[in-house]
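Read through the structure below, which is laid out as structure tokens, and then see the notes.
The values are calculated or read from the model by the stated rules, or taken from the named source; none is laboratory data. Just so it is clear, the structure is predicted and the values come from calculations on it, not from any experiment. Note: ideal-geometry Cβ built from the backbone for every residue, glycine included; neighbour counts use all protein chains shown. Surface accessibility is based on the protein's heavy atoms, side chains included, excluding ligands, DNA and RNA. Shrake-Rupley method; radii C 1.70, N 1.55, O 1.52, S 1.80 Å.
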Amino acid sequence: MRMVFTRCSLFICAVALLWGLGGDAALAAPPADMDKRGALAEEMLAIRPVRVQVERAVDAYIEAAMRNKSERDKEVFRIAMLRALNVDALEKIAVEAYADTFTEAELSAMVEYYQKPEARSAAAKEGALTQKIGPEIIKILDQAAMKARTAP
């Protein structure tokens, strides 16, 4: 379990480091509407909280990486991971990422969309959809890889 935790920690650190590297874009002057975009980003994260997204990501990681472990081991690992992650820092990063990535108009549309009960319901079902489609995609990729390996 320690090796899985270490690999996951290294992966998360690498992603955070790469995400933080802004290159020349970080030197450019921020857009004039950045305050409004930040406020909309905060609204978006109030609708779709980072904490929930982190918990789903941890659960997905556990299911993929710890299939042969006991439920107790999975739960112990889950608790350790959630304690190790600084969700407040991730929320700050997410607000900045939303504001940097999306225009004010895009953020407004996203907030409007995700405030609807139907949109929230649809978003909640994305994981179930992925679970249904994911194995089929893996099968197709496996078949394609086999064909690619055996093709002259």
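Here E118 does not fit the description of being modelled with pLDDT of 95 or more and either under 12 Å from L40 (Cβ atoms) or open to solvent by less than 60 Å² (accessible area, probe 1.4 Å) (or both).
Against the test of being farther than 27 Å from Y61 by Cα and not in a loop (DSSP other than H, G, I, E, B), the options E106, E136 yield a single qualifying residue, E106.
Within this structure, L45 passes the test of being on the phi < 0 side of the Ramachandran plot, touching an Asp or Glu at 6+ places or on another chain (Cβ under 8 Å), open to solvent by less than 60 Å² (accessible area, probe 1.4 Å) and assigned to a helix (DSSP H, G or I). Note on segment 121-138: among residues that are hydrophobic (A, V, I, L, M, F, W, C) and surrounded by 10 or more Cβ atoms within 10 Å (Cβ to Cβ), the one that is farthest from L40 (Cα to Cα) is I138. In segment 26-42, the residue that is modelled with the highest pLDDT out of those that are open to solvent by less than 80 Å² (accessible area, probe 1.4 Å) and part of a loop (DSSP other than H, G, I, E, B) is D33. Can you find even one residue in segment 51-59 that is open to solvent by 50 Å² or more (accessible area, probe 1.4 Å), acidic (D, E), at pLDDT 90 or above and over 14 Å from the mean Cα position of the chain (by Cα)? No: segment 51-59 contains no residue that is open to solvent by 50 Å² or more (accessible area, probe 1.4 Å), acidic (D, E), at pLDDT 90 or above and over 14 Å from the mean Cα position of the chain (by Cα). If the condition is being in a helix (DSSP H, G or I), open to solvent by 40 Å² or more (accessible area, probe 1.4 Å) and either in contact with an Asp or Glu (Cβ under 6 Å, 6 or more places away or on another chain) or without any contact (Cβ under 8 Å) to a residue 60 or more places away in the chain (or both), then segment 79-88 contributes I79, L82, R83, D88.
When the criteria are applied in full, L141 fails the requirement of being assigned to a helix (DSSP H, G or I) and open to solvent by less than 70 Å² (accessible area, probe 1.4 Å). For first residues located in segment 98-120 and closer than 28 Å to P30 by Cα and in contact (Cβ under 8 Å) with a residue 60 or more places away in the chain, partners that are of a type in the set (D, E, K, R) and open to solvent by 90 Å² or more (accessible area, probe 1.4 Å) and lie 6+ apart or on another chain with Cβ distances below 7 Å form the pairs E104/K36; Y114/R120. If you go through segment 61-78 and keep only what is free of Cβ contacts under 8 Å to residues at least 24 places away in the same chain and either of a type in the set (G, A, S) or open to solvent by 50 Å² or more (accessible area, probe 1.4 Å) (or both), you end up with E63, A64, R67, N68, S70, E71, R72, E75, R78. Residues in segment 89-115 that are over 13 Å from E43 (Cβ atoms) and not acidic (D, E) were compared, and the one that is most open to solvent (accessible area, probe 1.4 Å) is K92.
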